[in-house]
Amino acid sequence: MKIAIFTDSFLPGTGGTENAVLQIAKAHVQNGNSVLVCAPKYWDYVDNFEFEVARCKSSKVTSNYFNAKPNKSKDFVKKIDDFAPDVIHCHTNGNMLVFANGYSKKHNVPLVTTIHTKFSMTIQNDVHSKLITKIACLAIGSRLKHSDEVCAVSNDMRGEFDKYGYKKPFHMIKNGTPEDPNGYQDMTEIAKQKYCLKPTDNVLLYVGHIAKFKNVDFTFEALKLLNNEFTNFKMIFAGTIDDKKFVKKVEKSELKDKVIFTGNILDKSLLKSLYQNAKLFLFPSIFDNDSLAIIESASNRTPSVVIKGTGSSERIVDGENGFVIENNPKAMATKILHLLNNPKEIEIAGLNAERQLNKKWTQTAKEYQAVYDLAIEKHKNKW
């Protein structure tokens, strides 16, 4: 099958969607399919993948995001035409979905769309206007109606879809897990040396954008409460710093000597080492639907602490393969305190997380291919 993957977010961007699109494309190739990834051009970034890539014109929005302009890129459109896809799989609700809708109709190609994040929170974070957010989200709901099939990485998206006008059924397909052909390998020394971590440090970890919409303030408030009862810990925030005010607030607080900001980490060995050094992975985000960071943490035997009722909590069985808390900082502080005083619970949950949260990307790709087959059949009956 020839699969054209459309996305507004791809390498060299470093977010969860970028990584998911990369892994899905690679998995489709492993499963014997041909893949063309269609994405915005990022300056002079050179593509070198086991699949084809078509880049359209774009304009820079942030250091990590470029606004796609597919309709202004004749060479880009020609590359898609020459590829002649059997199906289009769109991993965005933005400009590329608008383009995909038009291309699908004009060329009679079935269209599948996957939504990875709560788009209302993304837009609100960007525009800071409830009215503009509502208008934009209703437009997204309308765009989705043109897809033959719609997917999401979490059942938590049902409310988002319903609120903004997409009330049809959708397919819930979970992301895959990072695969290491050599299995689990102890890499703890790398981060210990780089960040001067002691064997006695109780390391707590967050990986992701340091941004308000990721709820990092929640963790900060929880740590202040924890510090009143338990002082022997190190908190590491690993990721691109979008919220510089948050960093300044931490640096002026009583926690300044207990917190490390690493910035974005591209070294996979260093990132694995951070996960392995951590006692707990703290993930208070209510924005993410199926966080890849939680899966990566699990593959390194570090259990996560997540908020009840979020998309990220759907994989977690409280007390078995991770820990689920109520949506308040005190609950997080109480849970961390209990677990650091009962390390055996952390160890058991970490081992269970590694075993239970494991899912190959090739399996995820097969699940998507089953949806493509449905879309192709449905598309035949459209006209």
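The values are calculated or read from the model by the stated rules, or taken from the named source; none is laboratory data. These numbers come from a predicted model, not from an experiment. Every residue, glycine among them, receives a Cβ derived from its backbone with ideal geometry; neighbour counts consider all protein chains shown.
Which of the residues that make up the range 194-218 are at pLDDT below 95 and assigned to a helix (DSSP H, G or I)?
Of everything in the range 194-218, those that are at pLDDT below 95 and assigned to a helix (DSSP H, G or I) turn out to be 212, 213, 214.
Give just the number: which of (1) surrounded by fewer than 19 Cβ atoms within 10 Å (Cβ to Cβ); (2) not in a helix (DSSP H, G or I) does residue 221 not satisfy?
(2)
Got a sec? Which of 236, 190 is assigned to a helix (DSSP H, G or I) and crowded, with 17+ Cβ neighbours inside 10 Å?
Matching residue, one of 236, 190: 190.
For the range 11-41, give me each residue that is farther than 12 Å from residue 362 by Cβ, touching a residue at least 12 places away in the same chain (Cβ under 8 Å) and of a type in the set (D, E, K, R).
Across the range 11-41, the qualifying residue is only 41.
Please pick out the residue among 260, 236, 265, 307 that is of a type in the set (Val, Ile, Thr) and either in contact with a Lys or Arg (Cβ under 8 Å, 6 or more places away or on another chain) or within 18 Å of residue 184 (Cα to Cα) (or both). Break it down into steps so the answer makes sense when it comes.
On the way: 236 fails: either in contact with a Lys or Arg (Cβ under 8 Å, 6 or more places away or on another chain) or within 18 Å of residue 184 (Cα to Cα) (or both); 265 fails: either in contact with a Lys or Arg (Cβ under 8 Å, 6 or more places away or on another chain) or within 18 Å of residue 184 (Cα to Cα) (or both); 307 fails: either in contact with a Lys or Arg (Cβ under 8 Å, 6 or more places away or on another chain) or within 18 Å of residue 184 (Cα to Cα) (or both).
Just a single option satisfies the conditions, and that option is 260.
Mind checking which residues of the range 84-96 are crowded, with 24+ Cβ neighbours inside 10 Å and aliphatic (A, V, I, L, M)?
87, 88, 96
Can you confirm whether the range 325-332 contains a residue that is surrounded by 14 or more Cβ atoms within 10 Å (Cβ to Cβ) and acidic (Asp, Glu)?
no
Going by the conditions given, is residue 143 in contact with a helix residue (DSSP H, G or I) (Cβ under 9 Å, 6 or more places away or on another chain), on the phi < 0 side of the Ramachandran plot and among the charged types (D, E, K, R)?
Working: in contact with a helix residue (DSSP H, G or I) (Cβ under 9 Å, 6 or more places away or on another chain): yes; on the phi < 0 side of the Ramachandran plot: yes; among the charged types (D, E, K, R): yes.
Judged against the criteria, residue 143 is a match.
Kindly provide the set of residues from the range 239-248 that are farther than 21 Å from residue 307 by Cβ and either hydroxyl-bearing (Ser, Thr, Tyr) or not in a strand (DSSP E or B) (or both), ordered by number.
Residues of the range 239-248 that are farther than 21 Å from residue 307 by Cβ, as a first pass: 240-241, 244-245, 247-248.
The answer is 240, 244, 245, 247, 248.
Taking residue 226, is it part of a strand (DSSP E or B) and buried (at least 20 other Cβ atoms within 10 Å of the Cβ)?
Numbers: part of a strand (DSSP E or B): no; buried (at least 20 other Cβ atoms within 10 Å of the Cβ): yes.
No: the conditions fail for residue 226.
Can you tell me which residues in the range 308-352 are in contact (Cβ under 8 Å) with a residue 60 or more places away in the chain, over 18 Å from residue 235 (Cα atoms) and β-branched (Val, Ile, Thr)?
310
Considering only residues that are farther than 18 Å from residue 21 by Cβ and either under 19 Å from the mean Cα position of the chain (by Cα) or in the same structural domain as residue 310 (by TED's automatic domain parsing) (or both), which ones fall in the range 119-158?
Selection gives 120, 121, 123, 124, 125, 126, 155, 156, 158.
For residue 94, only one of the following conditions fails: (1) at pLDDT below 95; (2) under 22 Å from residue 374 (Cα atoms). What is its number?
Checking residue 94 against (1) at pLDDT below 95; (2) under 22 Å from residue 374 (Cα atoms), the one that fails is (2).
Any residue at all in the range 354-366 that's within 24 Å of residue 219 (Cβ to Cβ) and over 16 Å from the mean Cα position of the chain (by Cα)?
Step one: of the range 354-366, the residues within 24 Å of residue 219 (Cβ to Cβ) are 354, 357.
Subsequent filtering for residues that are over 16 Å from the mean Cα position of the chain (by Cα) retains 354.
Yes, the range 354-366 contains a residue that is within 24 Å of residue 219 (Cβ to Cβ) and over 16 Å from the mean Cα position of the chain (by Cα).
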